[in-house]
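Here is the structure we will look at.
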Amino acid sequence: MHRVIRSNGQFDRKLEPHLSNDYLKQIYRWMLLIRKLSERCLLLQRQGRIGFCVDSSGHEACQVGAASALTPKDWLFPYYRDAGMCLIKGITLSVLVNHIMANADDAAYGRQLPVHWTSREHNIVSSSSFVANRLSHAVGVGYAIKYKNDDRACLTSFGEGSTSQGEFHAALNFAGVWKVPVVFLCENNQYAISLPARYQTASESIAIKAEAYGFEGVQVDGTDVLAVYAATKRALEKARSGGGPTLIEALTYRLGGHSSSDDPAKYRNKEESDYWKRRDPIPLFLEYLKEKDIITTEEASKMEQSVESELLIAFRAGEQVPKPSLATMFRDVYSEMPWHIEEELHEALGE
Ligand SMILES: Cc1ncc(C[n+]2csc(CCOP(=O)(O)OP(=O)(O)O)c2C)c(N)n1
């Protein structure tokens, strides 16, 4: 397993990616923003101010490491846990918040589960809650990229539970045969809701499955943002230069519940959770930054405050936006509204 940052700020100098100090600080800020976004969403859900959310605590290194290796031209097919990847790819916080609040400014008009991130402008294809269903979409776009001789790549992310779907096999098989420029990122958080990873596969890892499809699989420490960044960057560069797909397994742990409708204490023991809390990706990276004199404790806590206020402003603004009108429910089904939908629309509006 590839790892750059060990513990207590110790790291492997030979494996460190070359990133400027400012960029490393930016990475830390993104990680904080993603964590605090998750925490705030759960609070708002408990107060009845949003309907539903998923927790991404523990996934920050996977999301920031992978997404910061993408170029604006690359395509991203994220899954529901990856709001953070979308932020890094360029979606603004207010766009995410409008979706989370399912308000009138939500690109999906509040008609989807509020974790189906999308942005045409940023080449982010709408995620969907059907697990593994974007893998073949990413391969299709990858095939088109190859056909057009373009120099971009696709990245698609999913959990280890998704690797038991037939679609995982179909997508990786096609990608291997046609050498499409796709990076498959499995964020292995060790649980598919309540099902532990050991019941998901008899293989010794997820990464090893790539061998069966004829391409490279690598396992990285998914709590180590630098390891995920380095592996993803390398895989994307390989994809863009005609080297075909890579499967990356980033091994981490979901620190919170599966979603706002889950209680992980029902199926995980405290010793296990405590063990992984000690490998929380955020303090782990902070220790590294401090060890290298890139950030001070004071600067880090100022950064935390600025992230809190950024979130507060974004959610306050999102809450001011009204709910979508009932009429939006009937839009975008057909390019021109047929008579029977129009009839239903008038009936719904009581006209
Ligand atoms: C095709 C399909 N089957 C079942 C579900 C119900 N379901 C929602 S999330 C989930 C667990 C997915 O686990 P994993 O892929 O490991 O991702 P994680 O949520 O752990 O990040 C399941 C089974 C679904 N959404 N889609």
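All of the numbers you see were taken from the coordinates with simple rules; none came from a lab. This one's a predicted model, so the numbers in the text were calculated from it and none came from an experiment. A quick note on method: Cβ atoms are made from the backbone with ideal geometry, for glycine too, and the neighbour counts reach across all protein chains shown.
Expressed as a whole percent, the proportion of Cα-Cα pairs in segment 150-210 lying more than 15 Å apart is 52%. Size descriptors for segment 13-320 (Cα atoms only): Rg and Dmax, in that order, 18.5, 52 Å. Working note: 222 nm ellipticity from helices only, DSSP H runs with n ≥ 4, each -39,500 (n - 2.57), summed and divided by the residues of the chain, gives -13500 deg cm²/dmol to the nearest 500.
Here is the short version for the chain: Cys62, Cys86, Cys154, Cys186 have no other Cys C-beta closer than 4.7 Å. Across the chain, the relative contact order, built from alpha-carbon pairs under 8 Å that are at least six residues apart, equals 24 percent.
Under conditions of 25 °C and 0.890 mPa s, segment 18-155 yields 157 µm² s⁻¹ as its translational diffusion coefficient, taking Rh as the Kirkwood radius over Cα pairs in the Stokes-Einstein equation. Among 34-47, 11-24, 86-99, the peptide with the highest mean count of other Cβ atoms within 10 Å heads the list, and the full ranking is 86-99, 34-47, 11-24. Residues in segment 153-163 carry Karplus couplings, in order, of 9, 10, 10, 10, 10, 6, x, 5, x, 5, 6 Hz; the curve used is 6.51 cos²θ - 1.76 cosθ + 1.60 with θ = phi - 60°, and Gly or Pro positions show x. Apply the membrane-span-like helix rule to the chain: whole DSSP H runs, Cα extent along the own long axis of at least 24 Å, mean Kyte-Doolittle hydropathy at least -1.0. List the helices found. The qualifying helices are 21-46, 297-320. Annotation note: GluC sites (Glu not before Pro) in segment 312-350 located in DSSP loop regions with a Cβ neighbour count of at most 14 within 10 Å are Glu336.
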